[in-house]
Amino acid sequence: GDVDFKEKLKFSQHLKEKAEAVSDFAKSKSLSEQRQYLPIYTVRDDLLGVVRENQVVVVVGETGSGKTTQLTQYLHEDGYTRTGLVGCTQPRRVAAMSVARRVSDEMETVLGEEVGYAIRFEDVTCHKTKIKYMTDGVLLRETLKDADLDKYRVIIMDEAHERSVDTDVLFGILKKVAARRRDFKLIVTSATLNADKFSKFFGGAPVFHIPGRTFPVNILYSKTPCEDYVEAAVKQAITIHITSGPGDILIFMTGQEEIETACYALAERMEQLISSSTKAAGKLSILPVYSQLPADLQAKIFQKAGEGTRKCIVATNIAETSLTVDGILYVIDTGYGKMKVYNPRMGMDALQVFPCSRAAADQRAGRAGRTGPGTCYRLFTESAYQDEMLPNPVPEIQRTNLANVVLLLKSLEVENLLHFDFMDPPPQENILNSMYQLWLLGALNNAGGLANLGWKMVEFPLDPTLAKMLLMGKELGCVDEVLTIVSMLSVPSVFFRPKDREEESDTAREKFFVPESDHLTLLNVYLLWESNEYSVDWCNAHFLHVKGLQKAREVRSQLVDILNTLKIPQISRHREWDLVRKAICSAYFQNSARLKGVGEYVNCRNGVPCHLHPSSALYGLGYTPDYIVYHELVLTTKDYMQCVSAVDPQWLVELGPMFFSVKEGDTSFLDRRRWHNEEKTAMEEEMEKLRQEQDEAACR
Ligand code: ADP
Ligand code: MG
């Protein structure tokens, strides 16, 4: 009741005063003094002692206690870097970069020297590097070249509770490394309480707890389920800004598009407020954060806002545990997040919006209590929290396509994937599906082993489909063009479409259209940029993201390096673009669709209707070829095919014979998948064998 609330308020006020003292401290003290104020600092020596005496240690501590930024430095100070690297893995690229920058500042070094980072297509380390932050995907790929990871003295698997596919595979691999190398140390950190599970997996490794230092968070639920959570979150943020005391706001949304919408709406409301209000509202600094946001913009969330300015950070679940921003006193939680999920109907992964788990909601709320007593506004009802949300998230490995992982493990000569030491084994259906897909691409042979093509595909840090496209480009003599397309597909969309200049930017985009193909449109954009000497002004004039194109250029040059080491020459056929489309077709014949009715397509494999995306060149020009392939499906109101190319049906037969067959005297396809009988039997036998082994394993 009321009394309770007043009590809380009084208590809050008391804590707030303390908190303000803390944040003044952060403002006025040097980095090294700030380091000493972190919770982990009080247990530094004990922690180093435990690490000295054990090969594997699990470290648990609240977010913000200093695990990510301090552990590496303690190990460095304790001499571990004299005989090798201290590596620290992160499930997210953004975290790897931002944390490396922070630590190199704390150590007063230049980023990329003593402290560096490596993410896919970007290695900012050198021979001097002692502390290396990287994504777990990068470390996983390093095991291909060096199975024992000899250059590492210690590996910290950070944010292990996130349970990305790569983390889960690394668990199994690093367990083996630890068994083989006595000098190797492994530290697994977690922000949450599943530490016992990690400890058990590593044969009862000690669990070290960092004492917490957090403030209470008052949780307020929505009374009714909320219709439009973007709108509701914006409203809530503005209300807080007008009516509540100082303290920054953190809003959790699901993805880039929503975040941009919310930021735009917030800016608009603030403008109205300033122009109409008699009371002057304080300034609000609106800061988006999501994984595809350029690094310099991301860094802004850590910068101090100006005097009298409140920060409002609008983030994906990246701000749940990976990034810690001090000064947040208000959290607005929509209760949703995006998750990659394998969709059997589409035969591929799709990012879909799901309610988050209770554990995630609690973690989000906790972000409000780092520097003082905070408030969390949940835009969902208490009964939704109690009855509908899962207690914990499902590990990614149990819900996504594993083609990448299967390819990698096969190349590590893990003969039987079902016997690999997974903490939580993926469903066998997932493994078998992924194997089937790889087999269709030609990466696996009939016996389920790695085919020649598969060995080559592993060399590229690309999805199997894109690796296949590249290698097929080589066969067809157009690897140069395919390289560019693959690079452009590996970066966020380069087309810039600002909110108030949609028409103008669409017109600019249409000028690049190649009628029969979005892939060729991307190639066209890149070639024109190249012939304009990679000009920034040219990009701006044509509504293109220059950062995106520059990234594509970097990716391209790294892929060229790999081609060179494989001694694959870059032959260009100079715009024999039909061959390029053929190479594209070879990668995507599983993603093919056939025209049925006016402007309507159905998937060749399963007959499911799908639509050209409005951003497609084909859609824009009203061109509807009989057969197309697509890069990916996006699910919104309809199934949209994104990035589409027209193909000759004959190619589908030629390149995917196990998939399609042609009726005698008829050029139309049998929609059902029809494999060459022999191959089909061999593969089915293999799958049956795997199934039996799995069953036996389950019985044991
Ligand atoms: P943990 O890994 O336990 O969650 P961290 O080591 O990431 O904790 O964070 C410790 C402290 O360092 C936090 O107070 C955080 O605000 C600060 N910090 C971390 N990264 C940065 C950064 N890039 N810029 C500024 N401060 C940072
Ligand atoms: Mg951390």
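Just subtract the alpha-carbon distance of VAL608 and SER383 from 0.36 nm times their residue separation and send over the number in nm, one decimal.
Working: separation 225, 0.36 × 225 = 81.00 nm, distance 3.63 nm.
Contour length minus Cα-Cα distance gives 77.4 nm.
Where nothing but the Cβ of Lys and Arg (+1) and of Asp and Glu (-1) is charged, how large is the charge dipole of the chain around its Cα centre, in debye to the nearest 20? List each step's numbers first, then the result.
Working: 82 positive and 95 negative charges, 269 e Å.
That gives the chain a dipole magnitude of about 1300 debye.
Return the percentage of antiparallel bridges among DSSP beta bridges fully within region 523-647, rounded to the nearest 5 %.
Numbers: 15 of 17 bridges.
Among the beta bridges of region 523-647, antiparallel pairing accounts for roughly 90 percent.
In the structure displayed, which of LYS145/LYS197; LYS468/LYS582; LYS223/LYS338 lie more than 19 Å apart, Cα to Cα? List each step's numbers first, then the result.
On the way: LYS145/LYS197 30 Å; LYS468/LYS582 12 Å; LYS223/LYS338 24 Å.
As for pairs spanning more than 19 Å Cα to Cα, those are LYS145/LYS197; LYS223/LYS338.
Tell me which of LEU483, HIS419, TRP439 sits at the most positive position along the dipole axis of region 419-498, charges placed on C-beta atoms (Lys, Arg +1; Asp, Glu -1).
LEU483
Computed FRET efficiency, Cβ-Cβ of GLU113 and GLU257, R0 30 Å: what is it to the nearest 0.05? Show your work: numbers first, answer last.
Values: r = 38 Å, r/R0 = 1.26.
For R0 = 30 Å, the calculated efficiency reads 0.20.
Out of the DSSP beta bridges found with both residues in region 102-212, what percent are antiparallel (nearest 5)? Before the final figure, lay out each step's value.
Numbers: 3 of 11 bridges.
In region 102-212, approximately 25 percent of DSSP beta bridges are antiparallel ones.
Name the long-range amide H neighbours of PHE208: under 5 Å, sequence gap of 5 or more, or other chain; modelled H, no Pro or chain starts.
Result for PHE208 returns VAL58, VAL59, VAL60.
For a label point 7 angstrom out from the Cα of LYS235 toward its Cβ, which stretches of region 186-221 have the backbone nitrogen within less than 19 Å?
220-221
So if R0 is 51 Å, what FRET efficiency would GLU415 and GLU53 give, r being the distance between their Cβ atoms, rounded to the nearest 0.05?
Working: r = 36 Å, r/R0 = 0.70.
The value I calculate is 0.90.
Using the Karplus curve 6.51 cos²θ - 1.76 cosθ + 1.60 with θ = phi - 60°, work out ³J(HN,Hα) for each residue of region 58-75 in order, rounded to whole Hz, and write x for Gly and Pro.
9, 10, 10, x, 3, 4, x, 7, x, 4, 5, 8, 9, 3, 4, 5, 4, 5
Take the alpha carbon gyration tensor of region 341-458, find the square roots of its eigenvalues, order them as a ≥ b ≥ c, and report rounded if a/c is under 1.5; if not, report prolate when a/b exceeds b/c, else oblate. Kindly include the intermediate steps, with their values, before the conclusion.
Working: a/c = 3.21, a/b = 2.61, b/c = 1.23.
In terms of gyration-tensor shape, prolate.
Counting only helical runs of four or more DSSP H residues, what would the 222 nm mean residue ellipticity of the chain come to if each run contributes -39,500 (n - 2.57) and the total is spread over all its residues? Please list the in-between numbers first.
Values: 26 runs with 305 residues, N = 700.
It lands at -13500 deg cm²/dmol.
Apply the Karplus curve 6.51 cos²θ - 1.76 cosθ + 1.60, θ = phi - 60°, to the phi angles in region 411-428 and return the couplings in whole Hz, x for Gly and Pro.
3J(HN,Hα) across region 411-428, in whole Hz: 6, 7, 6, 7, 5, 10, 5, 6, 9, 5, 7, 8, 5, 10, x, x, x, 4.
How many angstrom separate the Cα center of region 193-217 from the Cα center of region 470-506?
Answer, in whole Å: 44.
Work the Kirkwood hydrodynamic radius out for the chain: mean of 1/r over every pair of different alpha-carbon atoms, inverted, in Å.
Numbers: mean 1/r = 0.0364 Å⁻¹.
After inverting the pairwise mean of 1/r, the radius is 27.4 Å.
Going by average Cβ neighbours within 10 Å, how do the peptides 482-490, 424-432 rank, with the highest at the top?
Values: 482-490: 25.0, 424-432: 18.2.
Highest-to-lowest ranking by the protection proxy: 482-490, 424-432.
Taking every DSSP beta bridge that has both residues in the chain, what percent is antiparallel when rounded to the nearest 5? Walk me through the numbers before you get to the answer.
Working: 31 of 84 bridges.
That works out to approximately 35 percent antiparallel.
From the backbone phi of region 121-138, what are the Karplus-calculated ³J(HN,Hα) couplings (6.51 cos²θ - 1.76 cosθ + 1.60, θ = phi - 60°) in whole Hz, Gly and Pro given as x?
6, 8, 10, 10, 9, 8, 5, 7, 5, 10, 10, 10, 8, 7, 6, 5, x, 5
Using +1 at the C-beta of Lys and Arg and -1 at the C-beta of Asp and Glu, which of LEU566, THR507, GLN272 has the Cα lying farthest in the positive direction of the dipole of the chain?
It is GLN272, whose Cα lies furthest towards the positive end.
Order 118-126, 69-77, 367-375, 595-603 from most to least packed using the mean count of other Cβ atoms within 10 Å.
On the way: 118-126: 18.4, 69-77: 21.4, 367-375: 24.7, 595-603: 14.4.
Those peptides, ordered most packed to least, come out 367-375, 69-77, 118-126, 595-603.
Need the full-extension length gain, ARG358 to VAL394, defined as separation in residues times 0.36 nm minus the C-alpha distance. One decimal, nm. Present the calculation step by step, with values, prior to reporting the outcome.
Details: separation 36, 0.36 × 36 = 12.96 nm, distance 1.19 nm.
Stretched out fully, the ARG358 to VAL394 stretch lengthens by 11.8 nm.
Please arrange ILE251, ILE318, ILE313 by how many other C-beta atoms lie within 10 Å of their C-beta, fewest to most.
Working: ILE251 29, ILE318 19, ILE313 24.
Least to most surrounded, the residues fall as ILE318, ILE313, ILE251.
Enumerate the residues in region 364-405 having an amide nitrogen under 17 Å from the point lying 7 Å beyond the Cα of THR224 toward its Cβ.
Answer for this model: 379-384.
Could you tell me the distance between the Cα centroids of region 250-274 and region 89-106, to the nearest Å?
Going from one Cα centre to the other spans 26 Å.
Among LYS67/LYS151; LYS304/LYS547; LYS235/LYS300; LYS474/LYS499; LYS311/LYS511; LYS67/LYS567, which pairs are too far apart, with a Cα-Cα distance over 31 Å? Let's see the in-between values first.
Details: LYS67/LYS151 22 Å; LYS304/LYS547 25 Å; LYS235/LYS300 23 Å; LYS474/LYS499 40 Å; LYS311/LYS511 40 Å; LYS67/LYS567 43 Å.
Over 31 Å Cα-Cα: LYS474/LYS499; LYS311/LYS511; LYS67/LYS567.
How much length is gained on full extension from ILE571 to LYS151, taking 0.36 nm per residue of separation minus their Cα-Cα distance? Intermediate results must be reported in sequence, preceding the final value.
Working: separation 420, 0.36 × 420 = 151.20 nm, distance 3.65 nm.
Residue separation times 0.36 nm, minus the Cα-Cα distance, leaves 147.5 nm.
Could you sort the peptides 520-533, 380-393 by per-residue average Cβ neighbour count (10 Å cutoff), highest mean leading?
Peptide ranking by packing, descending: 520-533, 380-393.
Taking amide H positions as placed 1.01 Å from N in the peptide plane, with prolines and chain starts having none, which residues 5 or more places from CYS376, or on another chain, fall under 5 Å of its amide H?
Those qualifying (amide H under 5 Å, at least 5 residues apart or on another chain) are ASN218, ILE219, LEU220, VAL331.
For region 530-579, report the convex hull volume of the alpha-carbon atoms normalised per residue, in Å³, without decimals. The partial results should precede the final answer.
Working: hull volume 5.2 nm³, N = 50.
Measuring per residue, one finds 103 Å³ for the Cα hull of region 530-579.
Show the residues, 5+ positions off or on another chain, whose built amide H is closer than 5 Å to the amide H of ALA118.
VAL124, TYR133, MET134, THR135
Rank PHE495, LEU520, PRO461 by how far each Cα sits towards the positive end of the charge dipole of region 448-520 (+1 on Lys, Arg Cβ; -1 on Asp, Glu Cβ) and give me just the farthest.
Result: PRO461.
Values quoted throughout were computed directly from the atomic coordinates according to the rules given, and no laboratory measurement underlies them. Note that this is a predicted model, so its numbers are computed, not measured. Note: ideal-geometry Cβ built from the backbone for every residue, glycine included; neighbour counts use all protein chains shown.
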